[in-house]
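What follows is calculated from the coordinates using simple rules that are stated; it is not laboratory data. All of these numbers come straight from a predicted model, not from anything done at the bench. Counting neighbours? That spans all protein chains shown, and the Cβs are built from the backbone with ideal geometry, glycine included.
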Amino acid sequence: MQSPMIKKEISDDLKIMTIALDRPPVNAWTKEGYIELSSAIAEANASTTISVVILKAHGRMFSAGADVKTLAADSVEDAARRRPLLRKAAFDLMECQVPVIAAVHGLAIGMGAVVVTSADVIIAAEGAELAIPEINVGVAGAAAAIRRIVPEHLARSMALTGRRVTVERLYEIGSVEKVVPKESLEAEAYELAELISSKGYLAVRKWKESLNLTEPGMGRRGLMIEQCLGQELSLLSNPPSL
């Protein structure tokens, strides 16, 4: 049995839930992690007190993306079971009923970048970077989420080259709220969470509902298309035996 990837804490006033990624060494995602994330978001949604979620990570980076060793060992059937769990976790995070603040440090790659860009507000440690390098391993994915925070042509450049983008650049274009020293990251995120939660439980939830319902873009459809095309690429590279 794998150890849990998600660690949760709730503030003393019951208004702020902190979700921490904690799967050493690089917080790589497995299907169990997707289930845990969906479960944590469901708990926040069902709460009668939680008004904000802070999403952070332990270790030297936010997340290196999917666990490639697990992916390599997946059968076609395993992959077919995993993909809906990934989609559900991403959808659940994007559609969380309370505001989500991502506190990102180090690298956020692939699914790690999806998680960061699915938040409502991003606060980053100096030198942090985001990337969607799926093209380097012959699959498609993550651009639908990246499009939420960057201009179209930057999203295309990131997807087609796999290159990293610094949070300093993302701050310049308004995608990141604040870039701070790493030692200040959690305090800054918590300060913002307290400000948002002070607006009132119903107010923040109704505002979040409004923002979700009026958000432009591909959303669910984009992630589904990416996964389907990524599967086509994967099958071309590794055709199943008949």
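The order of the peptides 20-27, 104-111 by mean Cβ neighbours within 10 Å, most packed first, is 104-111, 20-27. For a straight C-alpha distance cut-off of 26 angstrom, the lysines reachable from K206 (same-chain residues fewer than eight places away being disregarded) are K8, K15, K56, K88, K178. Extension gain for I35-L195 works out to 54.6 nm (0.36 nm per residue, less the C-alpha to C-alpha distance).
Look at T70, T49, T214 and count the other Cβ atoms within 10 Å of each Cβ; fewest to most, that gives T214, T49, T70. Each residue of the range 56-64 was assigned a 3J(HN,Hα) from its phi angle through the Karplus curve 6.51 cos²θ - 1.76 cosθ + 1.60 (θ = phi - 60°); the sequence is 9, 8, 8, x, 7, 8, 5, 6, 8 Hz, with glycine and proline shown as x. Here D12 and E209 are evaluated by their C-beta separation; at R0 = 25 Å the FRET efficiency comes out at 0.40. What separates the Cα centres of the range 1-52 and the range 183-204 is a distance of 17 Å.
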